[in-house]
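Q: Okay, handing you the structure first.
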Ligand SMILES: [Zn+2]
């Protein structure tokens, strides 16, 4: 509330003149419109309602994800509150920041005016921002940044940023910040010790909940990072670079298959990359359901011994049945207890021209109290720590140096970008329904570069339905009635997604 008052005060002071709090927009028809621009956290924001009032159209909510939507003429703009990408008629724009809600307003990044309005208004748009924002906090001169050895960390900085992503059969740990590239990594028994000679790690310990790496611990006042390895750990590799100052440590599990293995897929799947695929049946909506793990890869184990791979398959079959009942074609990436390399799962979804890829998993954490669902979607932001820098490195060095891992991340970024907003919207819908079912509030949708979703051509989400390591949830998960409820929730989310995207109705039987 105080914030509103402050903002109002600022706007009242600045509104009359085209100063810090406004942007002047010259429309394609030559008219000029002025909109208020609020400064929040040092960036410019525009209230969507006010923008719609000034330029026409209707601001509302996406029924599936509850994301802000602006409909203008024949155009539909979907602002994600989860990613910095905005979709205009399905085309993606990078607006630099995700939309946000505050005090009854949906704030969209000011940058949308320049990148988005020409598409929405069907013509060239000139945007003149007000005078530079009021005295910014003095920024350090750009040139005075000699890499300081063991420099005291600025108060605001978290030190070296740690980014850990856990995939079914690999764990990536990324460190970026002063001295990160000089990290030394060595294995000491069941622990991978990362030593940072210059900077310090920001943040604290965290559970990884993977059979490859169980936990990350910060030691030595932030100068050491200890990765507690799991029984599934096989090997690790590192790649680093100086500018930006980053190191990536990839831990691989016993079931690891390199992405280039796509060619050796089971019938159908492997041909995805090269061979002709079956034509898309007009009006048919296809969902690829991917039960996590399988075969020798058991995934997580419940206290009672039930394996993630079996529960994931049971759930997948129920989801498939629910979808088929609703007239949706469901394709499973595995129907039995078989091991299928991750990349072949994606290839199978691509091959079948799936409209959605839904990967099903059960979570695990050493903290047995951890509970609830988590839904992941692929996001450019999540991989930024990795891919942007790795891409720059590849472009500079020519040979990449990071192997297939590096390459697949970069490729993913190109392939998946087009589905980010749709993927996050579907993730929101699924998470909303599962939260209701599991009675959890504290978990939500998350962004991560999972290998299984890399290279998917369609909106793709990975759902960790509940925690197998939580005795209560494990018991629930084994209950067929509960499985049926989960399946119904997932199928309903997908049905909503389908209707919302105005898929033509299935052909009459
Ligand atoms: Zn899993």
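The values are calculated or read from the model by the stated rules, or taken from the named source; none is laboratory data. All of these numbers come straight from a predicted model, not from anything done at the bench. Virtual Cβ from ideal backbone geometry, glycine too; neighbours counted across all protein chains shown.
Q: Out of the residues in segment 372-381 meeting the condition of being out of contact with any helix residue (DSSP H, G or I) (no Cβ under 6 Å at 6 or more places or on another chain) and within 16 Å of the ligand (Cβ to nearest atom), tell me which one is modelled with the lowest pLDDT.
A: Applying the filter and picking the extreme gives 376.
Q: Tell me whether segment 36-58 contains one or more residues that are touching a helix residue (DSSP H, G or I) at 6+ places or on another chain (Cβ under 6 Å), closer than 16 Å to residue 116 by Cβ and part of a strand (DSSP E or B).
A: Looking for residues that are touching a helix residue (DSSP H, G or I) at 6+ places or on another chain (Cβ under 6 Å), closer than 16 Å to residue 116 by Cβ and part of a strand (DSSP E or B), one finds none in segment 36-58, hence no.
Q: Continuing with the same structure: May I ask you to list the residues in segment 104-125 that are surrounded by fewer than 19 Cβ atoms within 10 Å (Cβ to Cβ), outside any loop (DSSP other than H, G, I, E, B) and touching a helix residue (DSSP H, G or I) at 6+ places or on another chain (Cβ under 9 Å)?
A: Once the filter is applied, which keeps residues that are surrounded by fewer than 19 Cβ atoms within 10 Å (Cβ to Cβ), outside any loop (DSSP other than H, G, I, E, B) and touching a helix residue (DSSP H, G or I) at 6+ places or on another chain (Cβ under 9 Å), segment 104-125 yields only 105.
Q: Given the conditions (1) modelled with pLDDT under 85; (2) surrounded by fewer than 21 Cβ atoms within 10 Å (Cβ to Cβ), report the number of the one that residue 369 does not fulfil.
A: With respect to (1) modelled with pLDDT under 85; (2) surrounded by fewer than 21 Cβ atoms within 10 Å (Cβ to Cβ), residue 369 is out only on (1).
Q: Looking at segment 460-487, I want the residues that are within 27 Å of residue 424 (Cβ to Cβ) and have a partner that is part of a strand (DSSP E or B) and away from the ligand (no atom under 14 Å from the Cβ) with Cβ atoms under 7 Å, at least 6 apart or on another chain. Which pairs are those?
A: Note: pairs meeting the criteria are 460/357; 461/377.
Q: While we're here: Taking the condition in contact with a helix residue (DSSP H, G or I) (Cβ under 8 Å, 6 or more places away or on another chain), closer than 27 Å to residue 492 by Cα and at pLDDT 85 or above, does residue 99 pass?
A: It is true that residue 99 is in contact with a helix residue (DSSP H, G or I) (Cβ under 8 Å, 6 or more places away or on another chain), closer than 27 Å to residue 492 by Cα and at pLDDT 85 or above.
Q: Still on this structure, please answer the following. Condition (residue is within 16 Å of the ligand (Cβ to nearest atom) and either over 24 Å from the mean Cα position of the chain (by Cα) or within 22 Å of residue 479 (Cβ to Cβ) (or both)) applied to segment 341-357: is it met by at least one residue?
A: no
Q: Counting only residues that are more than 16 Å from the ligand (Cβ to nearest atom) and part of a strand (DSSP E or B), which one in segment 441-485 is modelled with the highest pLDDT?
A: So, considering only residues that are more than 16 Å from the ligand (Cβ to nearest atom) and part of a strand (DSSP E or B), the one modelled with the highest pLDDT is 445.
Q: Additional query: Of the residues that make up segment 265-283, is at least one at pLDDT 85 or above, surrounded by 15 or more Cβ atoms within 10 Å (Cβ to Cβ) and either touching a helix residue (DSSP H, G or I) at 6+ places or on another chain (Cβ under 6 Å) or within 18 Å of residue 467 (Cα to Cα) (or both)?
A: No, segment 265-283 contains no residue that is at pLDDT 85 or above, surrounded by 15 or more Cβ atoms within 10 Å (Cβ to Cβ) and either touching a helix residue (DSSP H, G or I) at 6+ places or on another chain (Cβ under 6 Å) or within 18 Å of residue 467 (Cα to Cα) (or both).
Q: Here's a follow-up. Among (1) within 21 Å of residue 300 (Cβ to Cβ); (2) in contact (Cβ under 8 Å) with a residue 60 or more places away in the chain, where does residue 225 come up short?
A: Result: residue 225 fails condition (1) only.
Q: Does segment 76-103 hold any residues that are free of Cβ contacts under 8 Å to residues at least 60 places away in the same chain, surrounded by fewer than 16 Cβ atoms within 10 Å (Cβ to Cβ) and part of a strand (DSSP E or B), and which are they?
A: If the condition is that a residue be free of Cβ contacts under 8 Å to residues at least 60 places away in the same chain, surrounded by fewer than 16 Cβ atoms within 10 Å (Cβ to Cβ) and part of a strand (DSSP E or B), then 91, 101 are the ones that fit.
Q: What number of residues within segment 219-238 satisfy the criterion of being buried (at least 19 other Cβ atoms within 10 Å of the Cβ) and assigned to a strand (DSSP E or B)?
A: Number satisfying all stated conditions: 5.
Q: If you go through segment 304-325 one residue at a time, do you hit one that is assigned to a strand (DSSP E or B), surrounded by fewer than 19 Cβ atoms within 10 Å (Cβ to Cβ) and either within 16 Å of the ligand (Cβ to nearest atom) or within 21 Å of the chain's Cα centre (by Cα) (or both)?
A: The answer is no, given that none of the residues of segment 304-325 is assigned to a strand (DSSP E or B), surrounded by fewer than 19 Cβ atoms within 10 Å (Cβ to Cβ) and either within 16 Å of the ligand (Cβ to nearest atom) or within 21 Å of the chain's Cα centre (by Cα) (or both).
Q: List every residue pair whose Cβ atoms sit under 8 Å apart, with the two residues 6 or more apart in sequence or on different chains, where the first one lies in segment 289-301 and is under 13 Å from residue 465 (Cα atoms) and the second, anywhere, is within 11 Å of the ligand (Cβ to nearest atom) and part of a loop (DSSP other than H, G, I, E, B).
A: 292/168; 292/299; 300/209; 300/211; 300/364; 300/468
Q: Only residues that are under 25 Å from residue 425 (Cβ atoms) and at pLDDT below 85: list them for segment 333-352, please.
A: 342, 345, 346, 347, 348, 349, 350, 351, 352
Q: Another question about this same structure. Can you name the condition, by its number, that residue 422 falls short on among (1) away from the ligand (no atom under 16 Å from the Cβ); (2) buried (at least 24 other Cβ atoms within 10 Å of the Cβ); (3) under 25 Å from residue 312 (Cβ atoms); (4) at pLDDT below 70?
A: (4)
Q: Mind counting the residues in segment 329-340 that are touching a helix residue (DSSP H, G or I) at 6+ places or on another chain (Cβ under 7 Å), assigned to a loop (DSSP other than H, G, I, E, B) and either more than 15 Å from the ligand (Cβ to nearest atom) or over 20 Å from residue 456 (Cα atoms) (or both)?
A: Number of matching residues: 1.
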